[in-house]
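The structure under discussion appears below in the form of structure tokens.
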Amino acid sequence: MTFAGPARPEPEYNRKTPASGPTVLRIVLGGQLRRLREEAGLSRAQAGDLIRGSESKISRLELGKVSFKARDVADLLDAYGVTGERRQTLLELVEQANRPGWWHQYGDVLPQWFETYLGLEQDAARIREYQLQFVPALLQTADYARAAIRLGHPSADERELQRRVELRMRRRELLTRPDPPHLWVVMDEAVLVRPVGGRAVMRAQLRHLAEICAMPTVTVQVVPFSAGGHAAAGGAFTLLRFAEPGVPDIVYLEQLTGALYIDKPAEVERYQKVMDRLCVDAEPDRRTPDIIADVLRRM
């Protein structure tokens, strides 16, 4: 995982900044500490010496890749000459950034590399996702999710399967919270006709998907078979954008045993262009309910 730096201006954090979860707050706090260190004219190695650490430790802190110790941050703020309300605000931010997210209770079935994504997903203001095999997790029914999870974890017992399904259903709650992100999904038509879980499960999933299309904060488009080849030849990916100042856009690429997080502006821009092209190749979102209805008639 790499968080190279903010793609947008990085204003000073203050109490009026919208509340966020621990993953994004670590990125925000890390960016603030980097800016303060640079203003103080100190190198990462010099800052590391101040907290009995190394240059690499400072780098990880400033990238928001690790949790923060209040003592370390206090020592750094002393060295950077930060006092008064500004200092107190940053120390409060440390406490908030160290609070575990709700997903930590699923640690028995949750790999660490995916914990990062869940934290980002919870705080995203906009999620753009392309899928070519499965219905996106946030739009799945419990039965469809169970079937899809079983394919990826064929040796899982009933308890593990149930825990994984519960986690996926809990994730869906962000779509109906008071401040939901805008979810914009583009799916290959194959996703709609592949009977994951069998005919009955798939028909229920399609009906659920049709209902989701009516939500004002969800956009669903389908790339038809007639489009032929298209821009996303490399596979599924997700683009995340945040309202929090100083947090860069992030591309998420899930792999079999891990994930890649990309935030370098030039690389993110390439994925954004691919997504934009997919939206052009896909049928307009107003057509999606009709496409789903047609698949249901033929299933």
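Of the numbered conditions (1) within 23 Å of Glu244 (Cα to Cα); (2) at pLDDT below 95, Leu138 fails exactly one; give the number of that condition.
Only one criterion is unmet by Leu138, namely (2).
Could you check region 20-114 for helices (runs of 4 or more DSSP H) lying wholly inside it with 1 or more residues that are under 18 Å from the mean Cα position of the chain (by Cα)?
Working: elements: 22-40, 44-50, 55-62, 70-79, 84-97.
Filter on region 20-114 gives 22-40, 84-97.
Between Asp263, Asp285, Asp281, which is under 17 Å from the mean Cα position of the chain (by Cα) and surrounded by 13 or more Cβ atoms within 10 Å (Cβ to Cβ)?
When all the criteria are applied, what remains is Asp263.
Yes or no: Tyr130 among the aromatic types (Phe, Trp, Tyr) and at pLDDT 95 or above?
yes
Let's see how each residue does on (1) assigned by TED's automatic domain parsing to the domain that holds Lys264; (2) of a type in the set (D, E, K, R); (3) loosely packed, with under 14 Cβ neighbours inside 10 Å:
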{"position": "Ile58", "(1), (2), (3)": "no, no, no"}
{"position": "Leu63", "(1), (2), (3)": "no, no, no"}
{"position": "Phe68", "(1), (2), (3)": "no, no, no"}
{"position": "Asp72", "(1), (2), (3)": "no, yes, no"}
{"position": "Asp75", "(1), (2), (3)": "no, yes, no"}
{"position": "Ala79", "(1), (2), (3)": "no, no, no"}
{"position": "Glu85", "(1), (2), (3)": "no, yes, yes"}
{"position": "Glu92", "(1), (2), (3)": "no, yes, yes"}
{"position": "Trp103", "(1), (2), (3)": "no, no, no"}
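Report, ordered by the first and then the second residue, all pairs with beta carbons closer than 6 Å, sequence separation of six or more or different chains, a first member in region 215-227 that is over 15 Å from Val191 (Cβ atoms) and in the same structural domain as Thr176 (by TED's automatic domain parsing), and a second member that is assigned to a strand (DSSP E or B) and among the hydroxyl-bearing types (Ser, Thr, Tyr).
Cβ pairs passing all conditions: none.
The values are calculated or read from the model by the stated rules, or taken from the named source; none is laboratory data. The structure presented is a predicted model; accordingly, all values stated were derived computationally and were not measured. Every residue, glycine among them, receives a Cβ derived from its backbone with ideal geometry; neighbour counts consider all protein chains shown.
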